[in-house]
Every structure is written in C-alpha cells, then in structure tokens.
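Undergrad: I'd like to ask you about the structure that follows.
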Amino acid sequence: MIDFLTLIQVLDGTLRLATPLLLVCLAGLFSERAGIFDIGLEGKLLAAAFVSAAFAAITGSVWLGLLAGVLASILLSLLHGLASITLRGDQIISGVAINFLAAGLTVVIAQDLFGQGGRTPPLKSGGRFEPLNFPWSISSKEMSDAGPLMQLYSELLSGHSLLVYLALLTVPLSWFVLYKTRFGLRLRAVGENPAAVDTAGISVVGLRYGAVVIGGILCGIAGAYIATSLQANFTKDMSAGRGFIALAALIFAKWRPWYALGACLLFGFFFAVDNRFQNILMPAWALSSFLIFISIVLLSYVLKKDYLDKVVLGGLALGIAIISLMVISSVWTSGISSQVKIPVVFIQSLPYVLTVVVLAGFVGRAIPPKAGGQPYVKER
Amino acid sequence: MDIMPKWVDIIVVPLFSLFLAAFLAALLILAIGESPVAALNLMIEGTLLRSAGWGYMLYYTTNFIFTGLAVSVAFHAALFNIGGEGQAMIGGLGVALVCLFIPWPHWTLAIIGASIGAALFGMIWAGLPAYLQAKRGSHIVITTIMFNFIAAGVLIFFVVDVLKPTGSMDPASANFPASTHLPTFQDIASLMGFEKAFRSAPANVSFFIALFACVAIWYLIWRSPLGYEIRALGKSGAAARYAGVRPVKIIMIAMMISGALCGMMAINTTQGESERLILNFTEGAGFIGIAVALMGRSHPAGVFLAALLFGFLYQGGAELALWTKIPREMIVVIQALVILFTGALSLMVRAPLERLFMSIKSADV
C-alpha cells in the first residue's frame, strides 16, 4: 500500500493538473451553454500560453503576461464569434481553424522573437506565478517528519500558485452567474431556444458574444497558468490536448459547473497517477474478471437488441473477452494471482474512454444544449 | 438562391479563399523579415523544378488524397469526420500486422493484403463512433476526437509493448520483410532508364492507388445508388427518411468508407515510406484532410487538386525551413487560413463575389 504522504502528493499533483482543465472546461461551459460549440479551446489555450510567456519574458512582469494572454485568447474568441455568430459559419470548422492557427502562429512568432526553436526563454522570478505558502506551512524537506494534518495542510492546501485558487473560485462563481442571475438564465435559454429569447426582445447575438468572450477570458487564464506557473516557459504545442480533455470533461460533467469540478479533478487525478507511478500493477485475476464482467454486461445488453447492435457491441464484447484471455495466458506459468503490468498509456486514455461511455449514454446520459452548433437566423 | 454561375462557386470561390490565405501568409512572412516572393521562388524551386521535389510532393499528396476523400465522403452524409488521424494510426497498425506476420511472396500481393488490412482497421475504428452516432445520437465530432486520442494510446501500446523487437531502444516495430517493400518512383524511373530521377524521394506506387480511389469515390458518390442515398441524407435527413433511406445504415456505411480511406493512407506512409511501424507517422494528415475536402468542395477532382496544392505546400514548407528563417509551422498557418476562409468564413468570402455578380446581372437586364 502507498503511504499517506504519497497519497497527499498525488492529490497535490491532481490539483495542479486539474486547474487548467477546470478553467478551460468552464470556458467551454459558458460557450456551449449559449449554443456555440467550441472545438477551438485547445487553440485558445495554446495561444494564451505563448502570449503570456512571451510578454512575461520580455517585460519581466507576470501580470502583464496574464493580461496579454487573456487578450490574445479573447481575440481568438471574437474570431470564432465572427465566424459562427455573425457570419453563421460552421462552428466546428471555425474551431478546427483556430486550433491550427494557434499551433502555427505560436511557433512562427516564437521562432522570430526568441530564435529558440519555437520556445520562449525560461521565465525569471518576476515573470512567474510563485507558489503561495500559507502561514505556518512547512517546506517539502521537513514534510516526511510532520504529522498527517500538517502534511495535508502544507502539501495539498498550501503552496499553489494564485491561479489555482482562482480557478477553484470560478466554479461557485460560474454556478452563481449561470443559475442565480438574469444574465445566466438568458445565456442558458439562448443555448436551448434562441428564438424564444429573441421574441422576448433580448439580443441573441449579444448574449452569444458575451458567452464566447467569457470563454476567452477563462482560456486565457488557463494558458497563462500552464506557461507561467505549471511550467516556466512556453514550449511548442505545450497545451498537449488539454483543450480536448477539457471538452471531454465538459461532456462528462453534463455541462454543469460543479460536475465540471468533479470531472476535472478526476481527469487530473489520472494524469497525476500517471506522472507519479511508472507502472500500475494489478493482480491478473482481478483484471481479467473485471474485463469479463464488462464483456458479459455488454452481451446481456445486446441480446434484446437488433442486428447492428449485436454486431458492434457483440464484437466489442468479444474483443474485451479475448484481451482478458490474453491476460490470463500471460500469467499461465506464474499463477492467476500474480501481478500484471497495466501500461501507462491506458491510464492516459481513460478520460477519453470514459467520455465515450458517457456520450454513448449507457451510463448517465449526457444531453447537450439543444441549440448547440446551429447558427441563429432571425426570422424575416 | 443561385446568384452566381456554378463555375464561380466551384473554381473562383476556392481560388479567392486561397488568394486571401496566401496574402495573409505573405504579410506574416514580411513581418518576420523575409521576402514572400523569394519564399515562393524557393518553394517552387525545391518542389517543382527538381524530380526529387516532385517525389516528396506526390508522397504528401498521396496522404492528403486519402484523408481528403475520407472527409469528403463523410461531408456528403453531413457527418464531420475529425478522426482521420486516429483511423490512419489504426490503419497503420493493420498494415504492420499484415506485413509482419504474413509471408508475402511479392509486393504486388503484399500491397493488396496491406490495403485490405489498413482499410479494415480504419473501418472498425470509424465504425464505433458511427454506431454511437447512428444508434445512440452521440455527436460524431466529439467521439471521433476522443477516438483520435485513444488511437494514439493504442498505437503507443502496440509499438512500444508488443511490436518492438526485444533489445531495441527505438520506439518502432521490426522492419518489414523486403518482399513487402513497395517500388518507389525512383525504382520505376530507373526501370525505364532514368537512373537519376526521383533520387531518394518517398513517393511510391500507392500514389496510383490514391488516384484509383479518387475515381472509385467519384463513381460511388455521383453515379451509384448508394452515393445518391448518402448525398440525399446529407442534404436533408427528413426528406431522405421519407424517401425510404435508412439513416442508420447510411451513417454506418459513409463513416466506414471514410475510415477505410483514412486507414489506407498507411500503405503510403508505413508500407511505402518507413517500412516499419513508427509513432507519429500520420503527421497531422488526418486533419489536413479537412482543409483538402473544404478546398476541393468535397468532389474527388477538387480533392485531387487540393491535395496537390497541400503536397506542394508541405514540401515547399520543408524547403523554407531548410534555407530561411521561416519555420515549417508557417504551412500550418496557411492551412488554418484556408480552412477559415473556405469553411467558417465562407459567407464573408462569397459576399463580395455575389455582389459583383448581382451588379453584372442587373447591368445585363
């Protein structure tokens, strides 16, 4: 078993890694709740990371970096708004374009400004968000001798950058704005039935622009966090798919702020586990019986269904059963209770697999905002 | 409705979008202190004026034809297959298994086997999201994005934990046996007596399979009953259903054809070029397929031309990165702008052209 301090350290990592996911997830939440799909979260995150790191490197001030990063992200949000709200273009295509635009431009500009192969120079102390150490917290050197409460306080609660606490605060804030204010009610309505909102004399276009700009601000903060706090410079493609994981978390959370916190912490936990442990060991019997269980559940579901369900899900069940047999055969000589290694890539893939399961609606169906993805055309 | 003649819609609008993208890219090149004219010259010199340049260009083009056709077929059914990248990765796995574990006597047989393996694997990988869309209503864009990431995980697992020869440090499978190696353009040219042509360029016979795929997809979409059903469903789901088209079946078939095409990209990259399974062999081609399909108006002829253009851009971009301060990512920017202008901002691009034609028409009257 792992000891308490290791657990605390993993949870500490969870919080660090969940922070950008959470901010981006809430950005997507505002946008999608207003009926604007946002595949371009990844691009905004990357652009904000670069611009904030570049400004922080040049000016030496992390606050100017944060501001510039947020502005860059808002700019891309407005581009998305122009394409998908004003010009009623395809929201998915616009998002894809924004992702490429950010992936290309950040490297081109970084190479021109700094000439370090698409990176920014390492940020000095003023250009970074420093960890906030709470009063009476102890340093990591003394950690192993301290009591469990002190470990919890000093390692998990204290010692994060300001943006981590800010991200946690945005959850109740988003909940309040969405569910307790008039703006929030209208914003949610515009994602469900824009015609009704329009009939009430409220501007659909204005609300949707408002939502994408809020999304831009949140993505901007997330970008600044990964470049000036989680790491201390910008590197090429440093967003590393976080925008898409946040999108997954958003679906997993069924477009709700508090659920978003839970989903992001869960996904953050997967990444923290993955960072901390090289291999996950599991008794062979437990793994294969788990797989066989899933396989049987799928098969029993399929029995009453039509031909296509039988082929697809039955095939899936068969595949899982074969993997389970392979697990058993791999430990044939050393006994069924010996440990098998689960490759880390499977832990990394878990967020995506879980999202697909939720999307499929077999467990806790996720229903997106009704008007999502459709441009609003005012009746003439 | 039809303000502009059809040829404007098909030819002028994409070219105008391309011109806008090129113009903005030229501004960016100026801003980083290089000359756009010199850059274009260098791209043409490094691509079109050397046979090896052509060899590289057509290698990229082959990939983009496959992924562009794949995205187009899905577009015709009003589906957005953003998962080409993942389907190509899994297709590569199929190619590797076929090439490594079946003793092929000759490459002509091996390429047939590898094509079937690639198509089958890509098809399965696209089939699951298609099933979830058709039967469960899960949004195909999101599921295919998720399947891209899962595919990357599966590929890493197979390359690192299963197919990597023991003792090797390289994250790659063993080399495929020589009997599966595809003739490159260099081999073909030297057979015809031009020993110096296409020196060390990766273009290979799978280019011709890509060309064949263009014709086959044209026939499928525009000349076959199935293609008619696919287009009918894409144009109007309700009308197609009323006419007796079964949406579940068409969604499944369209996506599986799309996945098969993406998978077949791997015969070019994995069997043709690297001759072993490596990580990241797709190099974003699945996403470039989106730009190619948009630019080519989802028509095989358009896709072919757009794939040539992007092949030129990728090879030209490599030349730029080699000889100037302009990094390869400049091509990604151009690609983004092309997607933006031909896809998301198409209304903005079309509006001035439409106004122009309106004024011509009213002048005629």
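Undergrad: Highest mean first, how do B:151-162, A:104-115 rank when packing is the count of other Cβ atoms within 10 Å averaged over residues?
TA: Packing order, densest peptide first, comes out as A:104-115, B:151-162.
Undergrad: Among the residues of the stretch B:307-354, which ones have their accessible area go down by 40 Å² or more when all the protein chains sit together, as opposed to their chain alone (1.4 Å probe)?
TA: Residues passing the criterion (a loss of at least 40 Å², heavy atoms only) are B:Pro327, B:Glu329, B:Val332, B:Val333, B:Ala336, B:Ile339, B:Leu340, B:Ala344, B:Leu345, B:Leu347.
Undergrad: Please report the net charge: other residues with Cβ closer than 13 Å to the Cβ of B:Ser274, K and R +1, D and E -1.
TA: It works out to a net charge of -3.
Undergrad: Shielding of A:341-354 by partners, i.e. mean partner chain Cβ atoms within 10 Å per residue?
TA: Per-residue shielding by partner chains comes out at 4.
Undergrad: Near A:Asp237, within a Cβ-to-Cβ distance under 15 Å, what is the net charge of the other residues, with Lys and Arg +1 and Asp and Glu -1?
TA: +1
Undergrad: B plus A alone minus the pair: what accessible area, both sides summed, probe 1.4 Å, in Å² to 100?
TA: Its buried surface, counting both partners, is about 4100 Å².
Undergrad: Quick check of the Kirkwood formula: for the stretch A:282-342, what is the inverse mean of 1/r over all pairs of different Cα atoms, in Å?
TA: One decimal place: 12.1 Å for the Kirkwood radius.
Undergrad: Can you give the charge dipole size of chain B about its Cα centre, rounded to the nearest 20 debye, using +1 on the beta carbon of Lys and Arg and -1 on the beta carbon of Asp and Glu?
TA: Taking the Cα centre of chain B as origin, the dipole is about 980 debye.
Undergrad: Positive end of the charge dipole of the stretch A:47-154 (Lys, Arg +1 and Asp, Glu -1 on Cβ, about the Cα centre): tell me which of A:Gly126, A:Leu113, A:Phe55 has its Cα farthest that way.
TA: Result: A:Leu113, furthest along the dipole toward the positive end.
Undergrad: Counting each DSSP H run of 4 or more residues in chain A as -39500 (n - 2.57), what helix-only mean residue ellipticity at 222 nm follows after dividing by all residues, to the nearest 500 deg cm²/dmol?
TA: Only helices count here, giving -22000 deg cm²/dmol.
Undergrad: For chain A, report the accessible area per residue in Å² (1.4 Å probe, heavy atoms, rounded to an integer).
TA: 44
Undergrad: What are the residues of the stretch A:78-115 that lose 50 Å² or more of accessible area, with a 1.4 Å probe, going from their chain alone to all protein chains?
TA: Buried by the other chains: A:Leu87, A:Ile92, A:Ile93, A:Val96, A:Ala97, A:Phe100, A:Leu101, A:Val108, A:Asp112.
Undergrad: Leaving ligands, DNA and RNA out of it, report the carbon-plus-sulfur percent of the accessible area of the stretch B:279-348 at a 1.4 Å probe.
TA: On the stretch B:279-348, the fraction of accessible area on carbon and sulfur atoms equals 69 percent.
Undergrad: Order B:309-319, B:70-80, A:154-164, A:315-325 from most to least packed using the mean count of other Cβ atoms within 10 Å.
TA: B:70-80, B:309-319, A:154-164, A:315-325
Undergrad: Further, regarding this structure: Let me confirm one metric for peptide A:241-254, namely the mean number of other chain beta-carbon atoms within 10 Å of its residues' beta-carbons.
TA: Per residue, the number of nearby Cβ atoms from other chains is 2 on average.
Undergrad: Moving to a separate point now. What residues does the stretch B:17-40 have that are buried by at least 30 Å² of accessible area in the full protein assembly compared to the chain on its own, 1.4 angstrom probe?
TA: The answer is B:Leu28, B:Ile32.
Undergrad: Here is a further query. Working from the alpha-carbon coordinates of the stretch A:173-327, get Rg over Rh, Rh being the Kirkwood radius.
TA: My calculation puts Rg/Rh at 1.11.
Undergrad: Right, something else. When ranked by the protection proxy of mean other Cβ atoms within 10 Å per residue, highest first, what sequence do the peptides B:22-34, A:53-65 form?
TA: Going by the mean number of other Cβ atoms within 10 Å, highest first, we get A:53-65, B:22-34.
Undergrad: Ignoring ligands, DNA and RNA, what percent of the 1.4 Å accessible area of the stretch A:282-342 is carbon and sulfur?
TA: Heavy-atom surface of the stretch A:282-342 belonging to carbon and sulfur, 1.4 Å probe: 78 percent.
Undergrad: Over the Cα atoms of the stretch A:81-143, Rg to Rh with Kirkwood Rh, two decimal places?
TA: Across the stretch A:81-143, the Cα-based Rg/Rh ratio is 1.28.
Undergrad: State the percentage of accessible surface on the stretch A:4-276 attributable to carbon and sulfur atoms; use a 1.4 Å probe and exclude ligands, DNA and RNA.
TA: Carbon and sulfur: 67 percent of the exposed surface of the stretch A:4-276.
Undergrad: Take each uninterrupted DSSP H stretch in chain B, measure its Cα extent along the helix axis, and return the ones at 30 Å or beyond whose mean Kyte-Doolittle hydropathy is at least -1.0.
TA: Both cut-offs are met by B:51-76, B:107-136, B:300-323.
Undergrad: Right, something else. Based on the Kirkwood radius over alpha-carbon pairs, what value in µm²/s does the Stokes-Einstein equation return for the translational diffusion coefficient of the stretch A:255-311 at 20 °C and 1.002 mPa s?
TA: Estimated diffusion coefficient is 145 µm²/s.
Undergrad: To the nearest 20 Debye, how big is the dipole of the protein assembly as shown about its Cα centre, given +1 on the beta carbon of each Lys and Arg and -1 on that of each Asp and Glu?
TA: 1760
Undergrad: A further question on this structure: Contact order normalised by length for the stretch A:129-260, with contacts defined as Cα pairs under 8 Å and 6 or more residues apart; what percent is it?
TA: This gives 22 percent for the stretch A:129-260.
Undergrad: Additional query: Return P(r) of the stretch A:218-265 (all Cα-Cα pairs; 10 Å bins starting at 0; whole %; ordered from short to long distances).
TA: The calculated distribution, bin by bin, is 26, 47, 24, 3.
Undergrad: Here is a further query. Pop a pseudo-label 7 angstrom from the Cα along the beta-carbon direction at both A:Ile342 and A:Asn193 and give the gap in nm to one decimal.
TA: With each label point 7 Å from Cα toward Cβ, the separation is 4.5 nm.
Undergrad: Select from chain A the helices, each a whole stretch of DSSP H, whose alpha-carbon atoms run 24 Å or more along the helix axis and whose Kyte-Doolittle mean is at least 0.0; answer none if there are none.
TA: Length and hydropathy pass: A:4-33, A:41-59, A:62-81, A:91-114, A:162-180, A:204-225, A:257-276, A:284-302, A:307-330, A:344-360.
Undergrad: Restricted to Cα positions, what overall size does the stretch A:34-97 have along the principal axes? Three whole-Å values, descending.
TA: That gives 41, 17, 17 Å along the principal axes, largest extent first.
Undergrad: Over 23 Å apart: what share of the alpha carbon pairs of the stretch B:61-318 falls there, rounded to a whole percent?
TA: For the stretch B:61-318, the share of Cα pairs beyond 23 Å comes to 50 percent.
Undergrad: Here is a follow-up. Over all directions, the average projected area of the alpha-carbon convex hull for the protein assembly as shown comes to how many nm²?
TA: Taking a quarter of the hull surface, the average projection is 37.3 nm².
Undergrad: Over all directions, average the projected area of the Cα convex hull of the stretch A:1-153 and note it in nm².
TA: For the stretch A:1-153, averaging the hull's shadow over all directions gives 12.5 nm².
Undergrad: Just how many pairs of Lys in the stretch A:4-276 have C-alpha atoms closer than 26 Å, counting pairs that are eight or more places apart or on different chains?
TA: 6
Undergrad: Would you compute, from DSSP H runs of 4+ residues alone, the mean residue ellipticity of chain B at 222 nm, taking -39500 (n - 2.57) per run and dividing by the full residue count, rounded to the nearest 500?
TA: -23000 deg cm²/dmol
Undergrad: What net charge do the residues around B:Ala240 carry, taking every other residue with its C-beta under 10 Å from that of B:Ala240, with Lys and Arg at +1 and Asp and Glu at -1?
TA: Value of the local net charge: +3.
Undergrad: Right, something else. So for the stretch A:63-178, Kirkwood radius off the Cα pairs, Stokes-Einstein at 20 °C and 1.002 mPa s: how many µm² s⁻¹?
TA: The estimated diffusion coefficient comes to 118 µm²/s.
Undergrad: Could you do me a favour and compute the accessible area per residue for chain B, 1.4 Å probe, result in Å²?
TA: The answer is 42 Å² per residue.
Undergrad: Which number do you get for Rg(Cα) / (2.2 N^0.38 Å) in the stretch B:266-365?
TA: 1.43
Undergrad: Stretch A:Val357-A:Ile202 to full length: gain in nm at 0.36 nm per residue minus the Cα-Cα span?
TA: That works out to 52.1 nm of additional length.
Undergrad: Moving on. Could you calculate, for the stretch B:59-160, the ratio of the Cα radius of gyration to the Kirkwood radius, expressed as Rg to Rh?
TA: Using only Cα positions, Rg/Rh for the stretch B:59-160 is 1.01.
Undergrad: Restricting to Cα pairs below 8 Å that are 6+ residues apart, what does the relative contact order work out to for the stretch B:1-120? Please round to a whole percent.
TA: 13
Undergrad: Rounded to whole Å, give me the distance from the Cα center of the stretch A:247-313 to that of the stretch B:251-294.
TA: After rounding, the separation between the Cα centres reads 27 Å.
Undergrad: What percent of all Cα-Cα pairs in the stretch A:4-276 falls into each 10 Å bin, going from 0 up to the bin containing the maximum distance?
TA: Answer for the stretch A:4-276: a P(r) of 8, 29, 33, 21, 8, 2, 0 percent.
Undergrad: Dipole of the protein assembly as shown (Lys/Arg Cβ +1, Asp/Glu Cβ -1, origin at the Cα centre): which of A:Ile85, A:Ser334, B:Ile257 lies farthest to the positive side?
TA: Result: A:Ile85.
Undergrad: Using only Cα positions of the stretch B:275-326, each an equal point scatterer, no hydration layer, compute I(q)/I(0) via Debye at q = 0.26 Å⁻¹ and quote the log10 values to two decimals.
TA: Debye intensities relative to I(0), on a log10 scale: -0.94.
Undergrad: Still on this structure: Over the stretch A:254-380, what is the mean sequence separation of C-alpha contacts under 8 Å (at least six apart), divided by residue count, expressed as relative contact order in percent?
TA: Rounded, it is 34 percent for the stretch A:254-380.
The values are calculated or read from the model by the stated rules, or taken from the named source; none is laboratory data. Please read these numbers as outputs of a predicted model, since none were measured by experiment. Counting neighbours? That spans all protein chains shown, and the Cβs are built from the backbone with ideal geometry, glycine included. Ligands, DNA and RNA are stripped out before the accessible areas are found, and what is left, the full protein with its side chains, is counted by its heavy atoms. Shrake-Rupley method; radii C 1.70, N 1.55, O 1.52, S 1.80 Å.
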